[in-house]
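Chemist: Sharing a structure with you now.
The values are calculated or read from the model by the stated rules, or taken from the named source; none is laboratory data. Remember, it's a predicted structure, so these values are computed and weren't measured experimentally. Neighbour counts run over all protein chains shown; Cβ positions are idealised from the backbone, glycine included.
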Amino acid sequence: MIALYRIALVAARELRAERRQPDGVVAAVTFIAVLVLLESLVVGPQIARDADVASALFWLALAFATILATMRSFDRELEDDALEGLVALPGGRDALFGGKVLALAMVLVLVATVGGILSLVLLDLPVALPVHLIVVVLLGVLALPPIVIVDVVLALRLRARAALVPILALPVLVPQLVAATRGTSAALSGDAVGALSWAGLLFAFSVVYTVIGLTIVPAAIE
Amino acid sequence: MRTVQSGASLHDATVVLDDRVILRAVNVVVGPGLTLVRGPNGSGKTTLLRALAGLVPLARGDRRLAGDVLYIGHRPMLLRGLSARENLEFFARFRGGDTRAIDGALRAWGVGEDMDRPVERLSAGERRRASLARVEAERVQVLLLDEPFADLDEAGAVRLRQTIARARDDGRSVVVATHAHPELDDLAKAWIALDDGDATAA
Amino acid sequence: MTDTTISRGTPYWMPRIRPWLGIAAAASFVVASVMALFWAPTDAVQGNVYRILYVHVPLAWLAYLAFVVVFLASIGWLWTRNAVFDAIAVASAEIGVLFTGLFLVAGSIWAKPTWGVWWTWEPRLVTTAVMFVMYVGYLLLRGLSTDFSRRATRAAVFGIIAVIDVPIVHLSVLWANSLHQLPTVLRAAGSPALDSSMLLTLMVSLFAYTLIYAYFMSARVSLEVARQVRLWTT
């Protein structure tokens with residue numbers, strides 16, 4: 001109970017700071033918006049409207065947006081050693097990961113909503129199964145932060161960490177990206193069974209990696 | 001076995017950072033009262049406090065603790081975007097304590113006017129004062145203060161000395177690492193001299 | 001917290017058996033190569049090209065074996081803080097990245113005459129390619145970390161997560177492809193049905209390559225332990 005309460009406190013602290021100084025959200029939303037715009041310019045509006053292409057680019061953009069937002073969040077923690085203040089608290093080490101996952105998932109819901117609406121409007125994507133689409137996107141958004149947070153923690157204070165984090169995170173994210181892309185594409189093109197099975201898989205991924213992160217991240221923070 | 005008293009100790013503790021030995025087989029026992037850690041720059045004062053706080057891994061040896069620890073490093077450790085009050089409320093709630101003492105503590109430290117402004121808009125001295133207010137706001141038994149006089153003006157330094165004296169009188173264990181400030185000497189019960197990673201009780 | 005244990009050097013028998021291990025590895029490699037090139041019969045469908053199988057399959061086995069060793073050594077380090085586990089992990093990762101790279105090259109060489117392309121999105125190849133990138137990331141993370149125990153811990157955490165991830169990557173690629181129906185020729189990728197002399201040759205090759213891995217490991221682990229000893233005694 002106390003562990004959950006502490007996780008909630010860390011998440012609330014993060015969200016409050018992000019609301020006051022929305023660097024992470026702004027960077028992530030801008031990034032995804034630029035990418036959606038560029039997508040249709042670069043590959044041409046006809047191909048960009050393809051359900052597979054649009055979903056793939058959306059999720060790749062969201063993966064990078066997650067990395068941006070997470071790195072921004074930890075940059076803020078490193079200013080004035082705020083992270084140290086948290087880790088020095090009894091139980092702080094254990095609450096850090098859970099709190100960050102919770103807060104970043106919420107931030108990403110916002111980013112994904114803006115990016116998703118932009119994609120739908122700009123690319124004029126037909127949505128066959130809107131409810132399925134929302135479920136897939138929500139579960140996909142939950143599946144990204146655990147791994148990205150672990151990798152940002154591993155690269156903390158290292159030189160060249162901006163390059164290191166994507167190199168560490170993206171290969172590990174392959175299953176999440178595959179599942180989210182296929183699920184989104186299925187929901188766009190009207191394959192209900194496909195969308196739901198990929199959504200189930202995404203849910204399993206977020207549970208598995210959250211549990212791994214909760215177990216292993218405290219050891220990685222010094 | 002000692003009776004339960006607040007305190008922290010390191011036994012045969014060796015700390016290696018960036019492949020350099022920072023603390024070498026250090027034995028330190030800190031109990032109620034004020035303990036001063038002295039030593040030149042780079043002698044390992046900060047690492048000793050961080051080791052007591054459990055913030056650096058020990059390559060060898062172990063750490064024992066009786067009571068919770070409040071560690072205040074030489075940066076204020078407040079999260080930007082939040083106000084001083086919100087930062088302190090977070091710390092107090094996280095420890096499962098109440099937040100009643102926070103306003104009073106911040107006011108006593110002279111940041112009463114500014115306690116609702118985001119900490120990045122405070123001066124370095126004000127941030128330092130806000131972080132030192134945690135000593136009164138969190139009521140933790142073991143206090144580890146790393147160069148707490150940094151950024152403080154004279155009034156702040158006087159206030160800090162009073163705070164340390166009061167914490168000592170309450171039976172809390174206070175450890176202060178500083179290379180100067182002889183005005184604390186008459187409050188201190190024990191001294192630890194650090195020289196290039198070797199600690200000697202003085 | 002558990003103490004960090006530093007070994008006083010490699011066990012005394014290690015340097016003594018290493019030359020023999022090397023000789024055994026070299027000898028069995030020669031035997032395996034001769035068997036693979038001259039003794040094993042030519043494949044009815046693929047002709048002589050299939051003989052690269054005797055390199056390709058052992059390389060794949062070593063790539064995965066090395067990765068699993070990284071995983072076990074990582075757990076060992078986090079659990080016991082015995083520095084020898086970190087030496088094993090880095091040794092296995094470096095050797096693993098070599099074999100994984102060779103596997104991908106051998107796969108390409110095999111793919112060109114059989115399928116007419118240098119690269120196919122066959123699930124096993126894709127998984128191994130992803131694994132290769134993870135290995136590279138693992139070594140980069142190590143290279144950028146400066147402090148011994150922090151490096152060991154961070155690398156161990158990544159090592160554990162990466163290895164858990166590999167089968168999941170494989171399954172996800174497999175499922176994604178099964179929905180998209182790859183051309184059947186690509187899915188028949190692996191091995192043609194092997195007759196008994198082919199199987200024997202493959203077994204000898206696997207044995208030879210495993211000895212090579214063991215030989216490399218013994219050399220690389222000793223080197224790393226020697227480094228640790230020097231680091232911790234100065």
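Chemist: Which residue, of B:65, B:36, B:23, is surrounded by 23 or more Cβ atoms within 10 Å (Cβ to Cβ) and touching a residue at least 12 places away in the same chain (Cβ under 8 Å)?
Modeler: Sole residue among the options that is surrounded by 23 or more Cβ atoms within 10 Å (Cβ to Cβ) and touching a residue at least 12 places away in the same chain (Cβ under 8 Å): B:23.
Chemist: Please go through segment A:82-105 and give me each residue that is more than 14 Å from chain B (Cβ to nearest Cβ) and farther than 15 Å from residue A:71 by Cα, ordered by number. Don't jump to the end; show me each part of the working.
Modeler: Step one: list which residues in segment A:82-105 are more than 14 Å from chain B (Cβ to nearest Cβ), which gives A:97, A:101-102, A:104-105.
Listed by number, the list holds a single entry, A:102.
Chemist: Also: Working only within segment C:16-29, note down all residues that are more than 20 Å from the chain's Cα centre (by Cα) and of a type in the set (A, V, I, L, M, F, W, C).
Modeler: C:17, C:20, C:23, C:27
Chemist: Scan B:124, B:92, B:130 and give me the residue that is within 27 Å of residue B:46 (Cβ to Cβ), within 13 Å of chain A (Cβ to nearest Cβ) and surrounded by 24 or more Cβ atoms within 10 Å (Cβ to Cβ).
Modeler: One residue alone meets the criteria, B:130.
Chemist: Same structure again: Please find, among B:100, B:95, B:60, B:50, the residue that is in contact with an Asp or Glu (Cβ under 7 Å, 6 or more places away or on another chain) and within 29 Å of residue A:10 (Cβ to Cβ).
Modeler: Working: B:100 fails: in contact with an Asp or Glu (Cβ under 7 Å, 6 or more places away or on another chain); B:60 fails: within 29 Å of residue A:10 (Cβ to Cβ); B:50 fails: in contact with an Asp or Glu (Cβ under 7 Å, 6 or more places away or on another chain).
Unique residue meeting the criteria: B:95.
Chemist: Testing residue A:194 on (1) surrounded by fewer than 24 Cβ atoms within 10 Å (Cβ to Cβ); (2) assigned to a helix (DSSP H, G or I); (3) more than 9 Å from chain C (Cβ to nearest Cβ); (4) over 13 Å from the mean Cα position of the chain (by Cα), one condition comes back false. Which one is that?
Modeler: The single condition residue A:194 does not satisfy is (3).
Chemist: Here is a follow-up. Picking from A:129, A:108, which residue would you name as being away from every other protein chain (no Cβ under 11 Å), in contact (Cβ under 8 Å) with a residue 40 or more places away in the chain and surrounded by fewer than 22 Cβ atoms within 10 Å (Cβ to Cβ)?
Modeler: Checking each option against the conditions leaves just A:129.
Chemist: Looking at residue B:98, is it assigned by TED's automatic domain parsing to the domain that holds residue B:10 and either touching a Phe, Trp or Tyr at 6+ places or on another chain (Cβ under 8 Å) or modelled with pLDDT under 90 (or both)?
Modeler: no
Chemist: Which one of these is among the charged types (D, E, K, R), without any contact (Cβ under 8 Å) to a residue 60 or more places away in the chain and in a loop (DSSP other than H, G, I, E, B): B:85, B:75?
Modeler: Just a single option satisfies the conditions, and that option is B:75.
Chemist: Report the residue count in segment A:197-222 for those that are more than 9 Å from every other protein chain (Cβ to nearest Cβ) and either of a type in the set (Val, Ile, Thr) or not in a helix (DSSP H, G or I) (or both).
Modeler: Here the count works out to 5.
Chemist: Any idea how many residues of segment A:147-189 are part of a loop (DSSP other than H, G, I, E, B) and touching a residue at least 24 places away in the same chain (Cβ under 8 Å)?
Modeler: Total satisfying the criteria: 3.
Chemist: Just to verify a result, which residue in segment C:192-221, among those that are touching an Asp or Glu at 6+ places or on another chain (Cβ under 9 Å) and part of a helix (DSSP H, G or I), is nearest to residue C:43 (Cα to Cα)?
Modeler: C:198
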